[in-house]
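Visitor: Right, I'll just put the structure down here and ask away after.
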Amino acid sequence: MSTKAKKIFLLLTIVVPFLAYCVIYYMPMLRNAPFKSAEFVSIVYKWGPGNNLENTYNSATGDYQYIDGKDSLIRTNVKLRSNDIIYLHGKANEIGFWNFPDLIANTGTDLKTSKVLRYVIQFNYKRKSKTVTYVTDYNEIPKLRDLAKQMKDLIDQSINDAEERYSNKK
């Protein structure tokens, strides 16, 4: 048997069945994935101390309100571009946002009385949504804390960049 024939035989007996197996096994999972970028609707993002979440952003409407350094409530309209949305969805996928618990807080934390800064991140899709509440004093699982902070920072940065774009257009 020639070397070329051996390579073809190897390709047909190992590589092709493996690829076929991968396609058959993973396609239903990918097709039925609950959080598809094509089904994305909006991001709702809220933050503040304790239950006072007066800082809010809604990507569907562009409504953005926050308390500035002078304790004034600023209301504006800031729209994220579609590539910003795709970027945030991709990062959420990469970070594993869909696997985060709904509440990232220390055991025993009373959310009704706690005045610690907290963030609520909600990704809305046509068929489903994922909401995570992240309390900033969380320290039980450092990796989870770091990933939640990273997701929060990415959203903050995207909103701030969009706001800067809008303010430069005026």
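The values are calculated or read from the model by the stated rules, or taken from the named source; none is laboratory data. Here the structure is a predicted model, which is why all the values come from computation and not from measurement. Here the Cβ positions follow ideal geometry from the backbone for every residue, glycine too, while neighbour counts run over all protein chains shown.
Visitor: What number goes with the only condition from (1) under 30 Å from Ile141 (Cβ atoms); (2) of a type in the set (A, V, I, L, M, F, W, C); (3) assigned to a helix (DSSP H, G or I) that Ala20 does not pass?
Guide: Only one criterion in (1) under 30 Å from Ile141 (Cβ atoms); (2) of a type in the set (A, V, I, L, M, F, W, C); (3) assigned to a helix (DSSP H, G or I) is unmet by Ala20, namely (1).
Visitor: Quick check on Ile24: is it closer than 27 Å to Glu163 by Cβ and at pLDDT below 90? Step through it out loud before you land on a result.
Guide: Numbers: closer than 27 Å to Glu163 by Cβ: no; at pLDDT below 90: yes.
For Ile24, the condition - closer than 27 Å to Glu163 by Cβ and at pLDDT below 90 - is not met.
Visitor: Could I ask something else about it? Return the residues of region 115-130 that are under 14 Å from the mean Cα position of the chain (by Cα) and under 21 Å from Ile86 (Cβ atoms); say none if nothing qualifies. Quick ask: steps written out before the conclusion?
Guide: Taking region 115-130 as the starting set, the residues that turn out to be under 14 Å from the mean Cα position of the chain (by Cα) are 119-125, 128-130.
Ile121, Gln122, Phe123, Asn124, Tyr125, Lys128, Ser129, Lys130, listed by residue number.
Conditions (1) more than 13 Å from the chain's Cα centre (by Cα); (2) among the aromatic types (Phe, Trp, Tyr); (3) not in a helix (DSSP H, G or I), marked per residue:
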residue	(1), (2), (3)
Asp110	yes, no, yes
Thr113	yes, no, yes
Val132	no, no, yes
Glu140	yes, no, yes
Lys152	no, no, no
Ile159	yes, no, no
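Visitor: Looking only at region 118-125, decide whether some residue is surrounded by 14 or more Cβ atoms within 10 Å (Cβ to Cβ) and over 26 Å from Lys143 (Cα atoms).
Guide: The answer is yes; a qualifying residue exists.
Visitor: Filter region 129-154 down to the residues that are of a type in the set (A, V, I, L, M, F, W, C) and more than 12 Å from Ile95 (Cα to Cα), then identify the one that is surrounded by the fewest Cβ atoms within 10 Å (Cβ to Cβ).
Guide: Ile141
Visitor: Among the candidates Asp137, Asp102, Asp110, single out the residue that is without any contact (Cβ under 8 Å) to a residue 60 or more places away in the chain, charged (D, E, K, R) and under 18 Å from Tyr45 (Cα atoms).
Guide: Only one candidate passes the filter, namely Asp102.
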